[in-house]
Amino acid sequence: MSDWPARLILFGGTGDLAARSLYPALAALAEDGRLPDPFHVLASGSREQTDEEFRERVQESLDEHADDAGDDARRRVLDAVRYHQADISSADDIAALVESLPGEGPLLAYLALPPSMFADAIRGLHDAGLPDGSRLVIEKPFGVDLESARDLNALIHERFDESQVFRVDHFLAKQTVHNVLGLRFANRLFEPVWSNQHIERVEITFDETLALEGRAGYYDGTGALVDMLQNHLLQLLCLVAMDPPSSLEGDDLRDRKVSVLRSVRAVPEESVRARYEGYADEEGVDPALGTETFASITLRIDSWRWAGVPFVLRSGKALGEDRREIAVHFKPVPHLAFGERTPPDPNVVRLQLGPDRLSVGLSMNGDGELFDVSPIELDTDLREPDLPAYANVLVHAFEGNPTFSIRDDEAEEAWRVVEPIITAWRADEIPMLEYEVGSAGPARR
Ligand code: BG6
């Protein structure tokens, strides 16, 4: 920890992500005794306000989202933050921002910005001349499509070294990711049956009861496909489908993930897009953008291991229940010794995200008739994570540990995967369905 950069510039410091996740993550690190001392955060935003006004907002966000952190930890964050108004499209403003950051030595520049603003920020930071050892942390979505992701990568590579860049996907910093890796690669039980020989389909679901929550500025025009599936859920797919890595160090894990992504093929005809009734009337929404709040896509992996197994990724907002899980459905047994009494689809391995839980479905003789079998579930709650995901993101970036950041080629491959779906949706080849708020989603899902 001692060689962590002790300085952070937070672009988008007045935004929703900063309020909901980044200040609370800093408080969690302070609570855990991991924040360097002294530590400086310079938050930038476009509006004019004093440090005091800004700190009041940070205080509110800590009160609302960092209730696990004690008073001292929150105080440390409040003491560390300052506000600096800046126009990110102006290189001079960015230079002034870098100049105003207190302290010395390397810094972390965290771009919690919409993708359209990344290029200006990257150029400005380069021109400002960052101290040696500084790093760039770039939020998702990395671009708006394949072409823009390629352009961003080219821009970054002209000015920075790939090793200085952290493309964030906070799902990779969730405990669940480690649970997938642990389940698959620390046990002998599953890997021999982890293929199309035994697995029928995989469903990766992230249904949220949350609706827009005042995030129209970011969400409208982005939509469920780009907000959730193109990055978070595709990352989970990679972890479920990849070949065993030799270690979790350096590029081992990322090489394996990229190799999965390269063989993923989308089937646009099997995609579903929908929005909840009333979405168009939400504040700040432009109905002409045709943003979906629910997306379900079916992907195929063209490899020996996965040929023929559909991977269904789905996520939606304003649904009836929070369902967040990876469900691996095994094929039925090859011969029904118990005849018609054998329950259908019994063997499902489920990893639930937050609260983390593992369950394995089996058919077993239980109570009742001697020769009857019925479905049972073996399940267990998994350990609560020590730190929230965004605190882990910051730890990885501070430490310069690239394992759980998205590599340049990975970011592009992920866009390549969803590109045919984006194209089909833009051409209206797939109808936009509607669903009721609080329902299970559109009728076809
Ligand atoms: C974010 C999305 O990346 O992930 C949100 O932009 C979504 O729309 C969120 O709600 C879900 O992740 P978490 O960690 O907040 O459950």
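Where a number appears in this text, it was derived from the coordinates with a stated rule and is not lab data. Keep in mind that this is a model prediction, so the values were computed, not measured. Glycine also receives a Cβ, built like all others from the backbone with ideal geometry; neighbour counts cover every protein chain displayed.
Report the calculated FRET efficiency for ASP132 and ASN187 (r = Cβ-Cβ distance, R0 = 41 Å), to the nearest 0.05. Don't jump to the answer; show the numbers that get you there.
Numbers: r = 43 Å, r/R0 = 1.05.
E between ASP132 and ASN187, to the nearest 0.05, is 0.40.
Translational diffusion coefficient, Stokes-Einstein: compute it for segment 171-311 using the Kirkwood radius over C-alpha pairs as Rh, at 37 °C and 0.692 mPa s, and state it as an integer in µm² s⁻¹.
Details: Rh = 16.9 Å.
In µm²/s, the coefficient is 195.
Enumerate by residue number the GluC sites (Glu not before Pro) in segment 1-53 meeting two conditions: DSSP loop (anything except H, G, I, E, B), and at most 16 other Cβ atoms within 10 Å of the site's Cβ.
Working: sites: GLU31, GLU48, GLU52, GLU53; in loops: GLU48.
For GluC sites (Glu not before Pro) across segment 1-53 that sit outside H, G, I, E and B with at most 16 neighbouring Cβ atoms in 10 Å, the list reads GLU48.
At a Cα cut-off below 21 Å, give the lysines reachable from LYS317, other chains included and same-chain residues fewer than 8 away excluded.
Qualifying lysines at Cα under 21 Å: LYS140, LYS174.
Along the Cα-to-C-beta direction of ASN401, a point sits 7 Å from the Cα; which residues of segment 31-64 have their amide N less than 12 Å from that point?
none
Residue by residue through segment 352-358, which ³J(HN,Hα) values in whole Hz follow from phi under the Karplus form 6.51 cos²θ - 1.76 cosθ + 1.60 (θ = phi - 60°), with glycine and proline marked x?
The phi angles translate into 8, 9, x, x, 6, 8, 10 Hz.
Taking the number of other C-beta atoms within 10 Å as the exposure measure, put ASP87, ASP145 in order starting with the fewest. Kindly include the intermediate steps, with their values, before the conclusion.
Details: ASP87 13, ASP145 19.
Result, fewest neighbours first: ASP87, ASP145.
With θ set to phi - 60°, apply the Karplus curve 6.51 cos²θ - 1.76 cosθ + 1.60 along segment 422-432 and write out the HN-Hα couplings as whole Hz, x wherever there is a Gly or Pro.
Once θ is set to phi - 60°, the couplings for segment 422-432 become 4, 5, 5, 5, 5, 7, 6, 6, 10, x, 8 Hz.
At what distance in nm do the modelled label points of PHE371 and ASP63 sit from each other, each positioned 7 Å from its Cα along Cα→Cβ?
6.9 nm
Using modelled amide H (1.01 Å from N, peptide plane; none on Pro or chain starts), what sits under 5 Å from the amide H of ARG357, excluding residues fewer than 5 places away?
Counting only residues 5 or more places away or on other chains, the set is GLN352, LEU382.
For THR176, THR380, THR298, THR423, which order do you get if you count the other beta carbons within 10 Å of each Cβ and list the fewest first? Each step should come with its number before you reach the end.
On the way: THR176 25, THR380 9, THR298 20, THR423 13.
By the 10 Å Cβ count, ascending: THR380, THR423, THR298, THR176.
Give me the distance in nm between label points sitting 7 Å out from Cα along the Cα-to-Cβ direction at ARG357 and ASP72, one decimal.
Label-label distance for ARG357 and ASP72, simple model: 3.6 nm.
Could you check the spin-label model distance between ASP322 and GLU277? Points 7 Å from the Cα along Cα→Cβ, value in nm.
2.6 nm
Radius of gyration and Dmax for segment 1-126's Cα atoms, expressed in Å?
Cα only, segment 1-126: 13.9, 39 Å (Rg, Dmax).
Run through the DSSP bridge list for the chain and note the antiparallel percent, rounded to the nearest 5. Spell out each step's value before the answer.
Working: 38 of 70 bridges.
Beta bridges within the chain, antiparallel portion: roughly 55 percent.
What is the fewest-to-most order of SER374, SER163 by other Cβ atoms lying within 10 Å of their Cβ?
Numbers: SER374 16, SER163 9.
So the ranking, lowest neighbour count to highest, is SER163, SER374.
Search the structure for amide H atoms under 5 Å from the amide H of ARG135, placed 1.01 Å from N in the peptide plane, and list their residues when 5 or more places away or on another chain.
The list, which skips near neighbours in sequence, is LEU107, LEU108, ALA109.
Just how large is the dipole of segment 312-445 about the Cα centre, in debye to the nearest 20, putting +1 at every Lys and Arg Cβ and -1 at every Asp and Glu Cβ?
Values: 14 positive and 25 negative charges, 46 e Å.
Once rounded to the nearest 20, the dipole reads 220 debye.
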